[in-house]
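Okay, so here's the structure we're looking at.
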Amino acid sequence: MVPAHNEEAGIAACLRSVRGALGRLPAEVRVEVAVVLDRCEDRTPSLAAGQLRGWPGARVLRVAHRPLGAGVGFVRDLGVRDLLRRLHPARPEQIWLLSTDADTAVPPGWAVEQLRYAAAGVHGVAGLADLADERGLSAHARSRYRAILADGMRGRSHDHVYAANLGVRADAYLRCGGFPAWGHGEERQLWQAMSEAGCRLRQPTDLRVRTSARTRGRAAGGVADLLRSLQTDAQSRVGSENVA
């Protein structure tokens, strides 16, 4: 499931990477893909349509407007519910839901690795997201971001949760209420609910995607907001030093 709001710069590369990763799954694995176009006003719809052409099981959903106060969790959940309808009558415990973002590229082995965890009886997998191009960030912002990542590392595991690199078993998703529609941080809220419900969760350090290092994102509370705050802090430090 891929939500997209005015993502013409990255949607084609994202979908190519997702298609490549899903193409490595065994032929007996049924695959359905939902690209949820969220109030797009740029070329994202046409670019997505071009990538989905000739891709069995892949389709576009369109969101013309969100309810007042709804966040990107509303959009993500819409995509998930569409996938579950299309995968019926498969039982929820047989369905593994994969989530990424339109400014993200997944590696070729991403889906295979996700299903390896699913086969082991895990309910949820949260990988890491590396920055694809840090050249627009100051040295201070890059250093602070790496420090934040390092602070959440726990040997071969970690404490981070990114919707850009997430896998959840459908029965756990439904039991825990899915992506919350309101506010932001929907992936962390879902993960917390799954943890409190006693779900078997894994956060491996070797399951990684590459995501944009932009500082103007599409979802409040995401990586872009964090990077912008670090960049702003770096600029404030420079200003203070110049005054001093």
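Bear in mind that the values in this text are calculations on the coordinates, not laboratory data. Predicted, not measured: the structure shown is a model, and the values here were computed from it. Quick reminder, even Gly has a Cβ in these numbers, built from the backbone with ideal geometry, and neighbours come from all protein chains shown.
Each Lys or Arg adds one and each Asp or Glu takes one away; over the other residues whose Cβ falls under 15 Å from the Cβ of Pro56, this sums to +3. Converting phi to 3J(HN,Hα) with the Karplus coefficients 6.51, -1.76 and 1.60 and the offset θ = phi - 60°, segment 121-137 yields x, 7, 8, x, 10, 10, x, 9, 10, 8, 7, 6, 8, 9, 5, x, 9 Hz in sequence order, with x at every glycine or proline.
What's the longest uninterrupted piece of the chain once you rule out the GluC sites (Glu not before Pro) that are loop residues per DSSP with at most 11 other Cβ within 10 Å? Segment 42-244 is the longest. A simple spin-label model places pseudo-atoms 7 Å from Cα toward Cβ; at Arg86 and Trp55 they are separated by 1.0 nm. Amide H to amide H distances under 5 Å link Leu97 with Val168, Arg169, Ala170, where only residues 5 or more positions off or on other chains count and H is placed in the peptide plane. Extending 7 Å from Cα along the Cβ direction at Met153 and again at Ala139 yields two label points whose distance is 2.1 nm. Judged by the mean number of other Cβ atoms found within 10 Å, the most tightly packed of the peptides 68-75, 53-60, 98-105 leads the ranking 98-105, 68-75, 53-60. Approximating the spin labels as points 7 Å out from Cα along Cα→Cβ, the Asp171-to-Val29 distance works out to 2.0 nm. For segment 1-117, rounded, prolate or oblate, judged on the Cα gyration tensor with a ≥ b ≥ c (square roots of eigenvalues), a/c < 1.5 rounded, else prolate if a/b > b/c? Oblate, because a/c is 1.5 or more while a/b does not exceed b/c. Taking amide H atoms as placed 1.01 Å from N in the peptide plane, the amide H of Trp182 lies under 5 Å from those of Gly71, each 5 or more residues away in sequence or on another chain. Residues whose amide H comes within less than 5 Å of that of His158, counting only those at least five positions distant or on another chain, are Gln203 (H built at 1.01 Å from N in the peptide plane). Here the chain is treated as a Stokes sphere of Kirkwood radius computed over C-alpha pairs; at 25 °C and 0.890 mPa s its diffusion coefficient rounds to 132 µm²/s.
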